[in-house]
Amino acid sequence: MPVESSPAVKKPRDTPVWVAVGAVPHSIDYVEVGPWRTRVLQAGAGEPLVLLAGTGGHLEAYAHNVAALAQRYRVIAFDYPGHGYTTHATADLELPDYVDHLLGLLDALGIEKAHLNGESLGGWVAVKFAAAHPERTGRLVLNTPGGTMARPEVMERIRSLSQAAADDPSDVRIRARLEWLMAEPETVTDELVAIRRTIYARPGFAESMRHILCLQDPDVRRRNLISDDELAAVPHGAMVVWTSDDPSGPAAAGMEMAEKIPGGRFTYIAEAGHWPQWEQREKFNLLVLDFLADS
């Protein structure tokens, strides 16, 4: 298993989210996937590359990656069921629900096979999808992925911060949830807080968040964890990206995950937390493009 590391790099100057996305032609539509009216961003052309955000997240988590990745790929970013501007959840969402939704979205978009880039929950979904549907899956990039650990203190922190932000979508609550993700609190911009506050303040979102957070229940999480057999079934290799300041667990967890994936590769990014695609966007974009091209 190749292991790569990256030196510390200077964080880029903040560019507004929709200025960054607007650097490339793109569309935002709502696609019907079963019961879910799903918000979808698309940009670029070529092999499809799907970007999957984390728990309680939304497609803006990848705003600083779309333009760079769309130079070579047809980039698709979307809001999960219960998340963002997609239909609110009225029942608990477990991994089969996310996998089925992703399959339905690919079908709705006429995509036979796609590379998957998943952060946190997105990495968890990507591995589960690859194991269940290898014929529909290209290469995986897994940013600080979830699904192999069940650390009570982390699960409680995610649950408490997320539900508090949804119940009281104030600047203080939203910022606390986002700053927990980052190595440097200043990377949480006022704009990012405003984007998430607007989403979380939508009527019905607080209840939707309760159904999203079922995965932080120990029993529910345990039955949804990624198995070694699923890691071994990933069909075309994966790059597991871990960071110096990830709050979800140690880099050893990412290394072990990469070792269990045929053709797995581990990459370490310094000066980043749970969102390397945001805090170290230029380095991250280059790593993804290089890995996907090395097929």
Note to self: Applying a 10 Å radius around every beta-carbon, put 56-67, 235-246, 212-223, 40-51 in order of their mean neighbour count, most first.
What the structure shows: 56-67, 235-246, 40-51, 212-223
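Which order do peptides 84-90, 125-131 fall in by mean Cβ count within 10 Å, highest first?
Values: 84-90: 19.4, 125-131: 25.7.
So the peptides 84-90, 125-131, ranked by packing, come out 125-131, 84-90.
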Check: Considering amide H positions built from the backbone, and no H for Pro or chain starts, which residues 5 or more places from Val50, or on another chain, come under 5 Å of its amide H?
Finding: Ile76, His115, Leu116, Asn117
Margin query: Regarding segment 168-224, what's the average projected area of the Cα-atom convex hull, expressed in nm²?
Written below: 4.7
Notebook entry, point to check: In percent, how large is the relative contact order of the chain, given Cα pairs closer than 8 Å and 6 or more residues apart?
Noted result: 23
Check: If you take the alpha carbon radius of gyration of segment 240-288 and divide it by 2.2 N^0.38 Å, what ratio comes out, to two decimals?
Finding: 1.10
Next item on the list: Output the peptides 277-285, 258-266 sorted from most to least packed, where packing is the average of other Cβ atoms within 10 Å over each peptide's residues.
Entry: 277-285, 258-266
Note to self: Using Cβ counts within 10 Å as a stand-in for footprinting exposure, how do Ile226, Ile158 rank, fewest first?
What the structure shows: Ile226, Ile158
Notebook entry, point to check: What value, in deg cm²/dmol to 500, does the helix sum -39500 (n - 2.57) over DSSP H runs of n ≥ 4 give at 222 nm once divided by the residues of the chain?
Noted result: -11500 deg cm²/dmol
Item checked: Alpha-carbon centroids, segment 118-188 and segment 193-259: separation in whole Å -> 5
Next item on the list: Determine, at each q value in 0.12, 0.20, 0.25, 0.27 (inverse angstroms), the log₁₀ of I(q)/I(0) that the Debye formula gives when each Cα of segment 194-252 is one equal point scatterer.
Entry: -0.56, -1.03, -1.03, -1.05
Checklist line | Convex hull volume per residue for segment 18-103, taking Cα atoms only, in Å³ | finding: 87
Next item on the list: Give me the aspartates and glutamates in straight-line cross-link reach of Lys113: C-alpha distance below 18 Å, same-chain residues under 8 apart excluded.
Entry: Glu47, Asp100, Glu135, Asp294
Notebook entry, point to check: Each residue of segment 122-127 in order: what ³J(HN,Hα) in whole Hz does its phi give by Karplus 6.51 cos²θ - 1.76 cosθ + 1.60, θ = phi - 60°, with x for Gly and Pro?
Noted result: x, x, 4, 4, 4, 5
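Explain nothing, just the number: relative contact order of segment 37-183, from Cα pairs under 8 Å at least 6 residues apart, as a whole percent.
Relative contact order here is 21 percent.
Read the figures in this text as sums done on the coordinates, not as results from a lab. Keep in mind the model is a prediction, meaning the values are calculated, not measured. Methodologically, a virtual Cβ is constructed for each residue, glycine included, from the backbone with ideal geometry; neighbour enumeration extends over all protein chains shown.
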